[in-house]
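So the structure is just underneath, and the comments pick up after that.
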Amino acid sequence: MNKKHLWGILVVLAISAFVLYADLKATPISEILRAAHGLNIFGLIMVFALMLLSYVCEAGILATLAHRKKEPKRSAWSFLRIPIIQALFNAITPMSTGGQPSQLAAMIQMGMEGGRSTSILLMKFIIYQIVVLFAYVFTIIFGFHMVMTKFAGLAIFIAIGFLIHVSSIIFLLAIMFAYRFTKKATNWLMDLLAKMMKKERVEKWRKATLEKIDTFYAESQKLKKEKKKLFVASLLTVLQLLFFYSVPFMVLTALNVPCSWYQVTQMNIMIIMFMAIIPIPGASGGAEYSFQTLFSTFISSHGALILAMFIWRFSTYFFGMLLGILGWIFKPKKIKSTKMINFY
């Protein structure tokens with residue numbers, strides 16, 4: 001980690017501390033202590049267990065995609081540290097831009113070639129985005145009316161986050177299934193931009209975009225041929241998201257708040273959509289605000305709401321940061337991959 005990343009951590013801590021201070025100032029400590037007094041310890045343990053299981057599933061996805069015959073055996077830690085390092089760098093960089101590069105660095109540290117590591121991460125990204133697309137579309141169709149009815153202002157931002165997500169996913173799917181059309185459309189768009197901006201800058205964008213399209217298409221074709229890996233990785237991705245999306249429900253369960261897993265999970269997915277458009281490391285401030293706004297539907301006591309928000313934020317955000325720091329410090333034994341002409 002460099003100074004830029006340390007500044008990211010400080011920004012996140014400062015904003016989170018300010019939000020927590022504002023909440024504690026407006027809420028009597030006695031209310032929070034009353035809510036904590038009846039805390040279900042088993043439920044609280046399960047909150048963190050769900051986060052750990054989501055990391056384990058992601059590590060399993062990487063191990064599945066990395067597996068090939070005559071490949072040297074790597075430790076479980078070497079794969080597990082990749083998602084927790086990603087959680088750390090997602091948390092301290094704006095719009096989670098540091099997650100992918102940090103995963104690549106972690107895979108190179110364990111002995112994988114950079115090109116192969118990039119391919120594995122691209123395939124994981126493809127599978128993840130497709131599964132997330134189904135989750136988002138399902139949530140918007142069946143759960144958006146709840147937000148629109150009670151929180152119209154927040155609903156607008158959730159809709160914007162949804163459109164951004166879906167647009168990017170549609171673009172990726174277009175590369176996979178309409179490769180030539182996507183390249184033609186990209187060139188047309190760049191030609192249009194060249195009429196309004198400096199040609200040298202647009203040409204750089206054109207070259208970089210077309211290279212990424214070619215790389216993404218090549219990896220998607222490899223993935224189509226590996227049906228067994230595709231199935232296992234997709235199943236693990238579904239489980240990963242189910243564990244992660246279920247954390248708020250378990251938080252409310254730990255606070256003995258009666259609620260529906262279905263409704264709470266839908267609310268959580270919409271919070272994640274909203275967080276995606278906040279250009280601050282970890283979406284600090286916006287995440288806490290959206291959680292309190294949406295989950296006030298389920299929690300009548302303000303003290304319990306603040307406690308629930310703190311547990312949720314710590315388990316889904318700071319817990320991953322702490323694990324990520326450990327992952328970055330304790331590096332696995334470097335084992336070089338067997339050299340093969342083909343990817344598999």
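The values are calculated or read from the model by the stated rules, or taken from the named source; none is laboratory data. It should be emphasised that the depicted structure is a prediction, and the values quoted were computed from it without experimental measurement. Cβ: placed from backbone, ideal geometry, glycine included. Neighbour counts: every protein chain shown. With ligands, DNA and RNA removed, areas are computed over all heavy atoms of the protein, side chains included. Shrake-Rupley method; radii C 1.70, N 1.55, O 1.52, S 1.80 Å.
Once the mean 1/r over all distinct Cα pairs of region 30-327 is inverted, what Kirkwood radius in angstroms do you read off? Spell out each step's value before the answer.
Numbers: mean 1/r = 0.0481 Å⁻¹.
Its Kirkwood hydrodynamic radius stands at 20.8 Å.
Quick one: order Trp261, Trp328 from most to least accessible surface, probe 1.4 Å.
Sorted by accessible area, descending: Trp261, Trp328.
When Lys and Arg each count +1 and Asp and Glu each count -1, what net charge do the other residues less than 14 Å away from Leu210, Cβ to Cβ, add up to?
Surrounding charge for Leu210 is +3.
For region 30-327, what does the relative contact order come out to in percent, with C-alpha contacts under 8 Å and a separation of six or more?
38
First select every other residue whose beta carbon is under 13 angstrom from the beta carbon of Ala59; then total the charges, Lys and Arg +1, Asp and Glu -1.
+2
Here are some pairs, Lys124/Lys183; Lys73/Lys222; Lys70/Lys331; Lys204/Lys227; Lys212/Lys333; which of them have Cα atoms lying more than 25 Å apart in this structure?
With Cα atoms farther than 25 Å apart: Lys204/Lys227; Lys212/Lys333.
Hey, what D do you get for region 180-224 in µm²/s if you plug the Kirkwood alpha-carbon radius into Stokes-Einstein at 25 °C and 0.890 mPa s?
My calculation gives 219 µm²/s for D.
Apply the Karplus parameterisation 6.51 cos²θ - 1.76 cosθ + 1.60, with θ equal to phi minus 60°, to every residue of region 162-174 and state each ³J(HN,Hα) to the nearest whole Hz, in sequence, with x for glycine and proline.
Calculated HN-Hα couplings, in order: 4, 5, 5, 4, 5, 4, 5, 5, 4, 4, 5, 5, 5 Hz.
Along each of its three principal axes, how wide is the spread of alpha-carbon positions in region 129-254, in whole angstrom units, largest first?
57, 43, 22
Mind checking the per residue accessible area of region 30-327 for me, 1.4 Å probe, whole number of Å²?
47
For Lys334, go through the aspartates and glutamates and keep the ones whose alpha-carbon is under 20 Å away, minus same-chain ones fewer than eight residues off.
Straight-line reach from Lys334, under 20 Å: Glu71, Glu113.
If we count every other residue with Cβ under 15 angstrom of Val132's Cβ, Lys/Arg +1 and Asp/Glu -1, where does the sum land?
Within the 15 Å Cβ shell, the charges total 0.
Show me, for region 79-84, the HN-Hα J-couplings you get by feeding each phi into the Karplus relation (A = 6.51, B = -1.76, C = 1.60, θ = phi - 60°), rounded to Hz, glycine and proline as x.
8, 5, 5, 5, x, 6
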